[in-house]
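Here the structure is laid out as structure tokens; the discussion comes afterwards.
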2 protein chains.
Amino acid sequence: MTGARVVALDTDDLRFPTSRQLDGSDAMNVDPDYSAAYVVVRTDADDGLEGHGFAFTIGRGNDVQTAAIRALEPFVAGLDLDRTLADLGGLWRHLVHDSQLRWLGPEKGVMHMAIGAVVNAFWDLKAKRAGKPLWQLLSEMRPEEIVDLVDFRYLSDALTPTEALGILRAAEPGRAERARHLRVDGYPAYATSPGWLGYSDEKLATLAREAVANGFDQIKLKVGADLGDDIRRLQVARRTVGSDVRVAIDANQRWDVAEAVGWINALAPYDPWWVEEPTSPDDVLGHAAIREAVQPVKVATGEHVSNRVVFKQLLQARAIDFLQIDAARVAGVNENVAILLLAAKFGVPVCPHAGGVGLCELVQHLSMFDYVAVSATLQDRVIEYVDHLHEHFQDPVEIRSGRYLAPSAPGSSAQMCPETFALFRFPHGREWQATADGATT
Amino acid sequence: MTGARVVALDTDDLRFPTSRQLDGSDAMNVDPDYSAAYVVVRTDADDGLEGHGFAFTIGRGNDVQTAAIRALEPFVAGLDLDRTLADLGGLWRHLVHDSQLRWLGPEKGVMHMAIGAVVNAFWDLKAKRAGKPLWQLLSEMRPEEIVDLVDFRYLSDALTPTEALGILRAAEPGRAERARHLRVDGYPAYATSPGWLGYSDEKLATLAREAVANGFDQIKLKVGADLGDDIRRLQVARRTVGSDVRVAIDANQRWDVAEAVGWINALAPYDPWWVEEPTSPDDVLGHAAIREAVQPVKVATGEHVSNRVVFKQLLQARAIDFLQIDAARVAGVNENVAILLLAAKFGVPVCPHAGGVGLCELVQHLSMFDYVAVSATLQDRVIEYVDHLHEHFQDPVEIRSGRYLAPSAPGSSAQMCPETFALFRFPHGREWQATADGATT
């Protein structure tokens, strides 16, 4: 034990003016400015290591998100560092179960995402101190240690600690072989960049062609604003990529139930692989009704699902074919471990949401952990890939032949480059001062 | 048209040190400091009227909630006042559908409650300008105007605008008679004050006896921390109030599904009227399973239900016998109108959550509107009543013979007294400076 302590949470409101190019535009998010409410865990340890994490937002309100992270500083400042990192399940419960903060959710929205950012920053620090990438650190934990990360409150009707232990133990044989496989071949990805709603048909075709040439065997198109446009764009995509490449569609919560069913069935002739977020992320029963009515088109959701309790119900209600975790929506690594275990219990493949800023960097670790230590399979698994903003990260994702290469640097890949802060801090960073175009003000 | 404009949103972080007496203590909320993230809509109109509203929290994080409200100022500052007040459905959509802010929920947690506070403040202002209490203002609107307040997105599989209109038209005859009845007899209430978990058996018995003597025919006990204690306390309550007074129990989300079923069935011999919040407010399917297994004990929930989409599912899944709206959890009057209409469609009585600080003041208007213009009945309807902190309001609730008297002052009863701000502003108000006991820091 070093006696080192947690000293502070430093926060930053970072925003990137992505709305200028309509990068990331879809039927609900018409002009996102990808943003990070960023946190650094500072300690007084001799090693000089910091834990980095962030919540992802799309612009306005990133200041509120940052304030929520700052409100957590009194909960961690002064904690014994070794003891805290040795029991991140305990840290999770300390933050999530604070009775007063809990009122602000409970377990959802701004305060829950803030806890996620802080929990993830501690995981980043733990992995750095261990000298391992996060996926490897997690994958080498004993099943009992992994179960101990999870809060089973509200889950036990679907998954007990004993069942979780059984899943993890069943995956123990072959861990080393699968980790080797990841280091050689990486993890399958799919490409969203061709399909933003704001792009022209020509840009869509060009980017789709490039994606296939680069080794992706799945792309995704945003839909939901205009049915005629969607049919035309899906035709363009199918013509461009042929019938062997999977084309997923993503409505970003645009529809009511009946509208979703009609719209999806109108697009079914173009063989969409899955339809993503057909309606409200809170609507478990709505997703179940839609799934029933649009088969064989599959249903995927998760990037806006608030917590493990809603994921549990999506699985119980057989409402989804693919579960899309997000690294920065729920309360960090621990809650995503719970969700991976739930998905494994129900036999539903996890295909993470990524993109934004840094979501690819973060979530790859969770899918790789899932493969090595939980589901033990890559069957029908793909991580979303979007080729934006990776240049801001010290350890950016590497994609080769349509696959994420396994990170090897210690940590969670969350840490941004020093010059990024000077440029994109809102509203006083040089990029915002220079333009002052008011995009997010 | 006056040409007046909205000038600003003024905010205050107000906290009351209720944890010192264990007022409000329950199995999940062990030491609440009832708090209000308070907002005043200021205009440049000659009438000098302001709109008051607030989000309710229980202490830590009230600064984050206040920051979220402040983040909405750019959305309303400069708006034409007459036009805004004439279309509060439009204001709701303007705030809730902002694509960037939406990412922070969507439609839940800190940002959604902030929108609720602001929307409610505009309703307060509208009612003041009309010279009417809010319940009356709402009850006198035409059915078409009421339907126009509601955003039916994500609701149409359960309730269409046409159905909503039908419900409101069916209730039109008799509006005047019911309003008269409210002015004479008030609206039924039940008493929670006897049952806080931190109170001794003697205090419980004394307060229960007083409640019955004061005309209440329903009380409520907090349960869920220890089964032996719960059995003993329920025995004390039953012995004190006899078999004709309803005794509800409230677990404040303490249990998993199986645990809830076992615990409730162990308390069933003491004839609890309803069990409230047996598990996570997000767990629609869990509530449905519990309800099925504990009949004839009834199930109630809602104070932590994030939005109309979750309420819709609780009704669709037949998961609740009583729907408990909260005036400050969802996005204000408009969303609660949607929820009242959903409850009417499914024939489920609405029995609001209240207490905290100001929740009784706010929610009485919604139940009275429900009675006059929506459900048209008082059958099995009761509004929670807790006798704390009413002295801070300019137009406090009045209870007589276990009933809420109909407010007659213009507005929504949200406005606090000037001296309250000087005393309870956190952390610099005189009450916090004087004690500096760190209860919420």
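Values as computed for the structure displayed
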{"read-out": "Label geometry 7 Å along the beta-carbon vector: A:ARG183 inter-copy distances in nm", "value": "8.3"}
{"read-out": "DSSP-defined beta bridges in the protein assembly as shown - what % are antiparallel, rounded to 5", "value": "55"}
{"read-out": "Translational diffusion of segment A:45-157, µm² s⁻¹ [Kirkwood Rh, Cα pairs; Stokes-Einstein; 10 °C; 1.306 mPa s]", "value": "105"}
{"read-out": "Alpha-carbon centroid distance for the pair segment A:131-155 / segment A:157-208, whole angstrom", "value": "18"}
{"read-out": "Alpha-carbon centroids, segment A:1-62 and segment B:55-100: separation in whole Å", "value": "25"}
{"read-out": "Magnitude of the charge dipole, chain A, Cβ model with Lys/Arg +1 and Asp/Glu -1, debye to 20", "value": "580"}
{"read-out": "In segment A:334-389, chymotrypsin sites (Phe, Trp or Tyr not before Pro) in a DSSP loop with at most 11 other beta-carbon atoms within 10 Å", "value": "none"}
{"read-out": "Subset of A:LYS312/B:LYS298; B:LYS220/B:LYS312; B:LYS132/B:LYS312; A:LYS108/A:LYS222; A:LYS220/B:LYS312; B:LYS108/B:LYS312 violating a 19 Å alpha-carbon distance limit", "value": "A:LYS312/B:LYS298; B:LYS220/B:LYS312; B:LYS132/B:LYS312; A:LYS108/A:LYS222; A:LYS220/B:LYS312"}
{"read-out": "Label spacing, shortest first and in nm, from A:PHE421 to its equivalents in the remaining copies (7 angstrom along Cα→Cβ)", "value": "3.8"}
{"read-out": "Bridge type composition, chain B - antiparallel percent by DSSP, nearest 5", "value": "55"}
{"read-out": "0 to 90° range, to nearest 10: angle between helix B:161-170 axis and chain B longest Cα axis", "value": "70"}
{"read-out": "Inter-copy label distances at B:THR435 (7 Å, Cα→Cβ; nm, one decimal)", "value": "4.9"}
{"read-out": "For the protein assembly as shown, radius of gyration divided by Kirkwood radius, i.e. Rg to Rh on alpha-carbons", "value": "0.96"}
{"read-out": "Alpha carbon convex hull of segment A:27-102, projected area averaged over orientations, nm²", "value": "6.7"}
{"read-out": "Cβ nearest the rotation axis (B onto A), residue from chain B and distance to the nearest whole Å", "value": "B:GLY109, 1"}
{"read-out": "Calculated [θ] (222 nm, deg cm²/dmol) that DSSP helices of n ≥ 4 give over the protein assembly as shown, each run adding -39,500 (n - 2.57)", "value": "-12500 deg cm²/dmol"}
{"read-out": "Most positive-pole-ward Cα, B:GLN415, B:SER375, B:ALA288, against dipole of the protein assembly as shown from beta carbon charges", "value": "B:ALA288"}
{"read-out": "Base-10 log of normalised Debye intensity for segment A:161-296 (one unit scatterer per alpha-carbon) at q = 0.11, 0.21 Å⁻¹", "value": "-0.52, -1.10"}
{"read-out": "Descending semi-axes in whole angstrom, ellipsoid equivalent of segment A:326-441, from the Cα gyration tensor", "value": "31, 15, 12"}
{"read-out": "Segment A:269-381 pair-distance distribution - Cα-Cα, 5 Å bins, rounded %", "value": "2, 13, 25, 25, 21, 11, 4, 0, 0"}
{"read-out": "Three principal axis lengths of chain A [C-alpha, angstrom, descending]", "value": "63, 56, 44"}
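Readers should treat all values here as calculations from the given coordinates under stated rules, not as data from a laboratory. Just so you know, these numbers come straight off a predicted model, no measurement behind them. Quick reminder, even Gly has a Cβ in these numbers, built from the backbone with ideal geometry, and neighbours come from all protein chains shown.
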